[in-house]
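Notes to accompany the following structure.
The values are calculated or read from the model by the stated rules, or taken from the named source; none is laboratory data. Every value quoted in this text rests on a predicted model; they were computed, and no experiment measured them. Heads up, the Cβs are rebuilt from the backbone with ideal geometry, glycines too, and the neighbour counts pull from every protein chain shown.
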Amino acid sequence: MGNVSQSVSTHFNNNKNIDMLKAYKFRIYHIKTQKAKMDRTLDLCRWVYNQTLALRKDAWEKECKSISRYDTHNLLPVWKEDNKKRM
């Protein structure tokens, strides 16, 4: 699994700011248990994102109501318990 990290460094050339992007590429070697945990974490992130998107979309389409980030944040414990029951 490769990853690219970027950083910005500022250089001064004749009293002018010049921002330069630098990229670092590195490879991650992991064992099976780590891969399983990473896959599980990514699956849960996708699930939460999709649930939130569906909730907000339905609320807007049905009621023209916008659901705040705070409201969806408060749903996380409920979703967590529901998800535990399914497992």
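List the residue pairs whose Cβ atoms are under 9 Å apart, where the first residue sits in segment 20-31 and is of a type in the set (S, T, Y), the second is not in a strand (DSSP E or B), and the two are 6 or more positions apart or on different chains.
Y29/M1
Looking only at segment 77-85, decide whether some residue is surrounded by 11 or more Cβ atoms within 10 Å (Cβ to Cβ), out of contact with any helix residue (DSSP H, G or I) (no Cβ under 8 Å at 6 or more places or on another chain), modelled with pLDDT of 90 or more and of a type outside the set (V, I, T).
Within segment 77-85 (the criterion being surrounded by 11 or more Cβ atoms within 10 Å (Cβ to Cβ), out of contact with any helix residue (DSSP H, G or I) (no Cβ under 8 Å at 6 or more places or on another chain), modelled with pLDDT of 90 or more and of a type outside the set (V, I, T)), the answer is no, since none of the residues qualifies.
Please find, within segment 16-71, the residue that is farthest from K84 (Cα to Cα) out of those that are among the aromatic types (F, W, Y) and assigned to a helix (DSSP H, G or I).
The qualifying residue farthest from K84 (Cα to Cα) is W60.
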